[in-house]
1. Just to confirm the number: angle between the C-alpha axis of helix A:45-72 and the first principal axis of chain A, 0 to 90 degrees, nearest 10?
2. Would you list the P(r) distribution for region B:28-116, with all Cα-Cα distances sorted into 10 Å bins from 0 and each bin expressed as a whole %?
3. Quick one: if you stick a label point 7 Å off each Cα along the C-beta vector at A:Met156 and A:Ile71, how many nm between them?
4. What number of lysine-lysine pairs in region B:28-116 show an alpha-carbon separation below 25 angstrom, given a sequence spacing of 8 or more or placement on distinct chains?
5. Determine, for each peptide in A:47-58, A:144-155, B:136-147, the mean count of other beta carbons within 10 angstrom over its residues, then list the peptides with the highest first.
6. What does the helix-only formula give at 222 nm for chain A: each DSSP H stretch with n ≥ 4 adding -39500 (n - 2.57), the total divided by the residues, and the result rounded to the nearest 500 deg cm²/dmol?
7. Enumerate the aspartates and glutamates that A:Lys231 could reach by cross-link, defined here as Cα to Cα under 14 Å, with residues fewer than 8 away along the same chain left out.
8. List, in the order given, every pair from A:Lys4/A:Lys76; A:Lys72/A:Lys216; A:Lys4/A:Lys72 whose Cα-Cα distance in the structure shown is over 27 Å.
Amino acid sequence: MPDKTRSVWAFLTGAAVFCAMLVNLYLIFQFAPTENSMGHVQRIFYFHVPSAWVAFLSFFVVFVCSVMYLIKRDRKYDIIASSSSEIGVIFATLVLITGPIWARPVWNTWWEWSPRLTLFLVLWFIYLAYLMLRNFVDGEERRARFSAVFGIAGFMNVPLVYMSIRLWRDIHPSPVIAGGEGSGLHPDMRAVFFFSLFTFTLLYFWLLGLRIKIEKGQISILDIKRALSLKREELTEGKVEI
Amino acid sequence: MTIKPQHAVLTLLVLLLSISAGYSQTARYYHFEGALSKKDNAPFSGTVDLEFKIYKTPRAEQAEWRETHRAVAVENGKFSVMLGSHTPLKLSFYEYYLDFTVSPEDVVTPPRRMIVGSGYNYRLWFLFAAYTIVWLAIFCYVLILGKKQRKISTELNALRHEAQEISA
C-alpha cells in the first residue's frame, strides 16, 4: 500500500475512533439504564469488560503472529507481535485498575485472591515479562525467536482466565454474555455493551497501526545506520588504498 | 499520520468535558413522597396542585429549578410525584433544598426540606475515577506514540540526508 493511502486510512481510522468514543460516552452515561442493585457504578462495566476483550485480542494476535514467525521466519510477524503485546499489557493494566475500583463499592473489598483475579494478574505478569524479554535479548533473530516461543506459551493462560469463572467458585460475577440460563443483560445495556466492544476494538486496531509504524521506523533507522557505517568503512578503506 | 500534542490534548479535553456533562446530568428524576394535612392537622384527601422549587441553600431566594404538578391525588395525607417529569432535572449529586406550595389554600404548606440523592450516589466517585484513569491512560499512550513517531521521522530524515551526502 502506498504511503499516502496508508496515511489517509490511518487518519480515517483515527477520526472513526474519535467519533465512536464520543457516541460511546453518550450511550454509557445517558442511554444505558441504571442497574438496580449497583446503581451508576455498574457503568464501569462498559469499559472494564471491553478493556479485557482488547487485552485478550492483543494476546491472541501475539500468539498467532508468534506461530507465523516460527513457521515463516518473516520479521513482519515479530513486529506485529511486539506491537500487539504492548497494547495488550496497557489494556490488561486498565482491567486491573478498573476492576478493584468497581469491586470496592460493590464487594466491599479492593481485591480477592479468587481464581479469575489471580489468573488475570498472572497473565499480566507473563506479558510484562514478554516485553522485558524483548528488551534484554540481543540479536534480532534470537530475540524474535525467543519472544515467539514465550508468546505462544504465555497465551495458554488466556483460555484459563476466560474459563475460570465457569470452572471454579469465584467472587467475580458469572458471564452475562453466553453465560447460560439466568444470565443476560437488558436489551439497552446489551446494545451499549456491544457498541463499547466495537469502539475498543477499533481503538485497538488504530493503536496497533500507529505502533507498527513506529516499530518499522525504528528498524529502518537501524538499517540505514548499518548501511551508512558500511559505506563509511568502504570510503575510509578507499582513502587508505589511495 | 502524525499526532500533534495539541490535537491529543484537545481530544482529551473534549472527552473529559463530555464526561463532566454526563456526570452532572445523571440526576434526571427524583421520586418524591410527601404528606399533607389540613389546618386542623387532619390528613388531607383529594387532589391538589403542587408547585415544586429546588434551592441550593436553606434560605436561598432564587430557585434552581421549578415544576408544577396539577391534580395530584392525595390519599390519607400521602402523595408521590416524579420530579423532573415535566421540566428536566439537571442536578449534581449533592444536597439541595425542596420547597413546594399547595393549592387549595386550606392545606398546610410544609417547610423547606433538604433532599439528597439516592443511597448509592457516593459510588459515582468510583465510576468517575475509573473512567478518568482509562481515558487518561489511553491518551497518554497516544501522546507517547505521537512523540516517538515525530522523533523517528526526524531521525530518519536526517539519516536519509546524510546517506544522500555520502553517495554524492
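Coordinate-derived values only; no laboratory data. Since this is a predicted model, take the numbers as computed values, not measurements. Here the Cβ is made from the backbone with ideal geometry for all residues, glycine too, and neighbour counts use every protein chain on show.
1. With both axes taken from Cα atoms, the answer is about 30 degrees.
2. Computed distribution, short to long bins: 17, 51, 28, 4.
3. 2.1 nm
4. Working: B:Lys38/B:Lys53; B:Lys38/B:Lys78; B:Lys39/B:Lys53; B:Lys39/B:Lys78; B:Lys53/B:Lys78; B:Lys53/B:Lys90; B:Lys56/B:Lys90.
Within region B:28-116, the lysine pair count is 7.
5. On the way: A:47-58: 22.4, A:144-155: 20.1, B:136-147: 16.8.
Peptide ranking by packing, descending: A:47-58, A:144-155, B:136-147.
6. Working: 7 runs with 189 residues, N = 242.
About -28000 deg cm²/dmol.
7. A:Asp223, B:Glu162, B:Glu165
8. Details: A:Lys4/A:Lys76 20 Å; A:Lys72/A:Lys216 19 Å; A:Lys4/A:Lys72 29 Å.
Correct reply: A:Lys4/A:Lys72.
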